[in-house]
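K.L.:
This structure is in structure tokens; I'll ask about it shortly.
The values are calculated or read from the model by the stated rules, or taken from the named source; none is laboratory data. What you see is a predicted model, and the numbers here were worked out from it, not measured in a lab. As a convention, Cβ positions derive from the backbone with ideal geometry for all residues, glycine included, and neighbour counts pool all protein chains shown.
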Amino acid sequence: MTFRNHGQQALEAARYIGQGFAVTLDHSSRSPITVQYPYEKTVPSERFRGRIHFEFDKCIACEVRVRVCPINLPVVDWMLVKNMKKKQLKSYSIDFGICIFCGNRVEYCPTNCLSMTEEYELSSYDRHELNYDQTASGRLPLSVSQDVSIQIVSTTRLPKRVIDGLLIDRSITRISD
């Protein structure tokens, strides 16, 4: 009786080892998907929510973005111009160290003075450098596809699960291919 149990357990263990070996063989035939990050980048998808771009001239200081922000993040300072009976924006800042990039501010802005960019490189050694005022938020970052110093990784080399999250543009190919 114990010999039969031992034989069944040995067959079951061999089956598990065979399944693991099949997975290993399957992965060994695939090409690598490593991206050499500072020199190669993938293009973010169209709906990627990166750093917020702010156009100071369009803003009417309505403070809608402060009300819709789930963490009350933007700091808006304005003054009332009495002769025109309008608010005028004095300063605006966002701390991207706290921001959750939900996109509510962009969606509810009545004058479309806010937009999401594809910039995702917001790392810093000092967290105070992540507090962007209206001048820093107004600068548009260089697009990944426009930066001549960066090679864009072709999406045809990446697995399907990775491609689903990327903006697929067949005209963009890797230079060294």
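K.L.:
Can you tell me which residues in region 14-35 are touching a residue at least 12 places away in the same chain (Cβ under 8 Å) and of a type outside the set (Val, Ile, Thr)?
P.N.:
Across region 14-35, the qualifying residues are ARG30, SER31.
K.L.:
Something else about it: Would you confirm whether or not region 52-59 contains a residue that is surrounded by 11 or more Cβ atoms within 10 Å (Cβ to Cβ) and without any contact (Cβ under 8 Å) to a residue 60 or more places away in the chain?
P.N.:
yes
K.L.:
Are there any pairs, at least 6 apart or on different chains, whose C-beta atoms fall under 8 Å, with the first in region 124-136 and touching a residue at least 24 places away in the same chain (Cβ under 8 Å) and under 13 Å from ARG51 (Cβ atoms) and the second of a type in the set (Val, Ile, Thr) and not in a helix (DSSP H, G or I), and if so, which?
P.N.:
ASN131/ILE94; TYR132/ILE94
K.L.:
Have a look at TYR132, TYR92 and point out the one that is closer than 26 Å to PRO38 by Cβ, assigned to a strand (DSSP E or B) and in contact with a strand residue (DSSP E or B) (Cβ under 6 Å, 6 or more places away or on another chain).
P.N.:
Result: TYR132 is the single residue among TYR132, TYR92 that is closer than 26 Å to PRO38 by Cβ, assigned to a strand (DSSP E or B) and in contact with a strand residue (DSSP E or B) (Cβ under 6 Å, 6 or more places away or on another chain).
K.L.:
In region 19-52, which residue that is outside any loop (DSSP other than H, G, I, E, B) and within 14 Å of the chain's Cα centre (by Cα) is farthest from TRP78 (Cα to Cα)?
P.N.:
LYS41
K.L.:
In region 1-46, how many are at pLDDT 85 or above and charged (D, E, K, R)?
P.N.:
Total meeting the criteria: 3.
K.L.:
Now for a separate question. If CYS102 meets every condition in (1) in a loop (DSSP other than H, G, I, E, B); (2) modelled with pLDDT of 85 or more; (3) out of contact with any Cys (no Cβ under 9 Å at 6 or more places or on another chain) apart from one, which number is that one?
P.N.:
(3)
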